Structure formats: C-alpha cells, structure tokens
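Right, one structure below, let's go through it.
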Amino acid sequence: MPHMLARAALPLLRRMDAERAHLVALRALRLGLAGAGAAPDSPRLAVQALGQHFTNPLGLAAGFDKDAVALRGLARLGFGFIEAGTVTPRPQPGNPRPRIFRLPADGAVINRLGFNNAGLAAFVRHLATAPRGVPLGANVGLNRDGADAERDYPALVAAVAPHVAYVVVNVSSPNTPGLRDLQAAPRLAGILAAIRRRVPVAPPLLVKLAPDLAAGDLPGIVAACLDTGVAGLVVSNTTLARPAGLRGRHAGEGGGLSGAPLFAPATAMLAEVARLAAGRLTLIGVGGVADGRQALAKLRAGASLVQIYTGFALHGPALLPRLKRELLAAMDAAGFATITDAIGSGL
Ligand SMILES: Cc1cc2nc3c(=O)[nH]c(=O)nc-3n(C[C@H](O)[C@H](O)[C@H](O)COP(=O)(O)O)c2cc1C
C-alpha cells in the first residue's frame, strides 16, 4: 500500500514546486507513509566496504535528508546505506527560493540550496535516536558566514563520529562561496590533519569532490588523502558546467547540475581517481545513476558503493527495486557473480 500511495502521489508531487515536493516527500517518509518495506536483498548484491556490511551497494546521496529526520522511512525503501547532511555547525536558512529546479527533459536538477539545515546540535540529536537498520554516513560542511575550516571540520567530525559508520568532508558544494577552494591539496591536507589531531579515532573519513576539478589536481588530492589516513573519496558532487544540448527551460539557472548529464563526467573522474588510488582508497560513485547498467558502470570504474539523488527525486521509491533487478541482470550479462567481482573490473 505505501508504495501505491507513493506512486499515486508522484504525478501530484511533480506538479508542485520542486522544494515543496521534496518537503512533502520527506514528511511522508518521516511519518512512514511512503515505502512498503523492501524485500530482502539478493546475497549477490552484498558488499563489504569501510569496515561495514552492506546488503546492497545502492545508497542515498547527501542532501536529501539534510537534518537526519527521515532515516527510518528512508531505510525501509531498500537503500543499502544513507548519507545524512550536509550539516553545518550553526543552523542557516540557505539561499532565497526558488533554489531547486527540475529539468525533466534532461533527467536533471539544478540546485543552489546553499546548505539550508537545522545545525549540528539538532543533527546529532536526530542521529542519536536513529534506527540502525542500514549503515549511516554523515556529510559535514561549513556555514556561509564566520567559518573557519581548521576549527569547524574537526568539531563537526568529533560530534557526529559516535553515531555513524562513516563521515564525509564536503569541500565540493558549489553553493557556498569559497568552499571548493578547500580542495586545493595543501589546504585539504591541513584540514584533514586538523581533523586527525582532534579526532584520532574516528569512523572512516571520506572526502567528497567536485566534478569540475582539473585532471591535474587529482594526483595531489589523492596524495593528501593517503598521507592523512583518509579512507575514501565520494566522486562526485554537482557540476557548475552546463553541457551542450540541455533542453530544460531552467538550464540557465545558477547552481549545481545533477542527474543524467553528470553521469559521463562523474564516471570518467571516478575511473581516473581509481587509477590514481590503485586500491588504497574506498570509492563511492555518484552522479547520474538512474538504471542498473549505470550503477554497474560506477562499480566497474572502481566504486565499491554507489549513491543516487536525482534519479530517486525524479522516479520515487519504485526506483530502488527496479535498480536492483536491473543491476542483477547487468551483472548476469557481464558474467559477475557478486558485486565484489565487478568492483574496479574496468569499463
Ligand atoms: C537538491 C540537491 C541537494 C543536494 N545537497 C547536497 C548536500 O547537502 N551535500 C552534498 O554533499 N551533496 C548534495 N547534493 C549532491 C548529491 O549528493 C550528489 O552528489 C549529486 O546530486 C550527484 O548525484 P545524482 O546525479 O544522483 O543526483 C545535492 C543534490 C541535489 C540535487
């Protein structure tokens, strides 16, 4: 029934302003009105990564549940893991609305939310009481005003660490001025070292990268991560690029583009990062996944885990059972018995 409810509600949600639709969906998930309770996963989809067991490699990307308020409902939909956040130290309203735009003809979204969230104290309160059905990650970022990266990231990691399976240092949102500059290798190394000093024993730490980095920046970033004991990378965040051929009438809006047009560049960057890391980092592949073949492509490019945001926002909860069916079929076609066989096998 709840799946049917979600299906019935989808056309209605699609006619609403994108942010209002998101808030309605989040409330339904919070109240347990969406999501039928997923069927058990095929053992072939299981994967071991970041010291955790995942019953399937398909996770919800950061930004959907910024305040960690709907984790129970989201876990019931069949995600293999959920990344909550981005959370910033203090609450902040984000940019003026409208700030999320659908580009349905392109299978894409543009957002310039700007880390709207209820702040670290509320986030930790919610995490502390969250169900442990699936592994949880926390994605942390900086306030727009008054931020100090070397002070704030360590404090954020220290606060969320007791409650999650992994933590993502977000230095790649395009909607917080100056944030992406923190990806410069020396800067990043300083921040990661500060986190290590403050939180010597923490869950695995990952860094989320922008797809707009130059290829020449990647070796330094990978080296900085390896030097500071980072466990992995999330590749990638949204892009500021506007690939030729976008048809949506909102294509000219400012902000980060996600969804189908991001698939090729984000997967190419993932493959390059995998080559540089040579098995020393755990990679989460994200960007433009909306079918099982695309999920398999991320795994083959080197990801151990895959995340989805825009595909889920556009297709609703029915996406997950379909993705799992298609992923198994794509594995059959390629001759992979398990997810582990596919990881890093090449495109
Ligand atoms: C509306 C929206 C909000 C997002 N908010 C965040 C965020 O708070 N933190 C973050 O790291 N990524 C955020 N993202 C980026 C996603 O986590 C993901 O990296 C990106 O959308 C690419 O995946 P996709 O093509 O499956 O959407 C957001 C994306 C969207 C569409």
Requested in this report: State the answer as a single residue: which of ALA277, ILE191, GLY248 lies farthest towards the positive end of the charge dipole of the range 40-342, with beta carbon charges of +1 for Lys and Arg and -1 for Asp and Glu, about the Cα centre.
Outcome: GLY248
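Looking at the square roots a ≥ b ≥ c of the eigenvalues of the Cα gyration tensor of the range 74-126, which shape do they give, rounded for a/c under 1.5, prolate if a/b is larger than b/c, or oblate?
Working: a/c = 3.45, a/b = 1.18, b/c = 2.93.
It is oblate, given that a/c is not under 1.5 and a/b is not larger than b/c.
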Query raised in the report: What is the local net charge at ASP17, summed over the other residues whose Cβ is closer than 10 Å to its Cβ (Lys, Arg +1; Asp, Glu -1)?
Result: +3
Query - Karplus-derived 3J(HN,Hα), 6.51/-1.76/1.60, for each residue of the range 266-281, Hz, glycine and proline x - result: 5, 6, 5, 5, 4, 5, 5, 4, 4, 4, 5, 6, 6, x, 8, 10
Report summary line: Of VAL286, VAL222, VAL140, the most mobile residue in a GNM of the chain (C-alpha springs, cutoff 10 Å) is VAL222
Report summary line: Within the under-12-Å Cβ sphere about HIS163, not counting HIS163, Lys/Arg +1 and Asp/Glu -1 give a net charge of +2
Query raised in the report: Under the Karplus relation 6.51 cos²θ - 1.76 cosθ + 1.60, θ = phi - 60°, what is the ordered set of whole-Hz ³J(HN,Hα) values for the range 50-58, x standing for Gly and Pro?
Result: 6, x, 10, 9, 10, 6, 8, x, 9
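With a ≥ b ≥ c the root eigenvalues of the C-alpha gyration tensor of the range 229-347, is it rounded (a/c under 1.5), prolate (a/b larger than b/c) or oblate?
Working: a/c = 2.09, a/b = 1.28, b/c = 1.63.
Here the range 229-347 falls in the oblate category.
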Query raised in the report: Which residue, ALA290, ALA334, ALA189, has the most motion in a Gaussian network model of the chain that connects Cα atoms within less than 10 Å?
Result: ALA334
Query - Long-range HN-HN contacts of GLY63 with modeled amide H, under 5 Å - result: GLY85, THR86
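Is the C-alpha gyration tensor of the chain telling us rounded, prolate or oblate? Criteria: a/c under 1.5 is rounded; beyond that, a/b larger than b/c is prolate, otherwise oblate.
rounded
Could you order ASP65, ASP148, ASP227 so the one with the most accessible surface comes first? Probe is 1.4 Å. Write out the running numbers ahead of the final one.
Values: ASP65 0, ASP148 65, ASP227 130 Å².
Ranked from most to least accessible, the order is ASP227, ASP148, ASP65.
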Query raised in the report: If you place +1 on the Cβ of every Lys and Arg and -1 on the Cβ of every Asp and Glu, how big does the dipole about the Cα centre of the range 40-342 come out, in debye to the nearest 20?
Result: 460 debye
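Given a 1.4 Å probe and every protein chain left where it sits, what share in percent of the accessible area of the range 40-342 is carbon and sulfur? Working shown, then result.
On the way: 6090 of 10850 Å².
Ligands and nucleic acids excluded, carbon and sulfur give 56 percent.
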**Report entry** the chain: most fluctuating residue of ALA138, ALA210, ALA122 per GNM, C-alpha cutoff 10 Å
**Finding:** ALA122
Query raised in the report: At 222 nm, what helix-only mean residue ellipticity would the chain give, in deg cm²/dmol to the nearest 500, using -39500 (n - 2.57) for each DSSP H run of four or more?
Result: -11500 deg cm²/dmol
Report summary line: Amide H proximity to GLY78 below 5 Å, modelled H, separation 5+ or other chain, gives ALA38
Query raised in the report: How big is the gap, in Å, between the Cα center of the range 11-72 and the Cα center of the range 107-174?
Result: 17 Å
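The values are calculated or read from the model by the stated rules, or taken from the named source; none is laboratory data. Remember, it's a predicted structure, so these values are computed and weren't measured experimentally. Virtual Cβ from ideal backbone geometry, glycine too; neighbours counted across all protein chains shown. Accessible surface areas use protein heavy atoms only, side chains included; no ligands, DNA or RNA. Shrake-Rupley method; radii C 1.70, N 1.55, O 1.52, S 1.80 Å.
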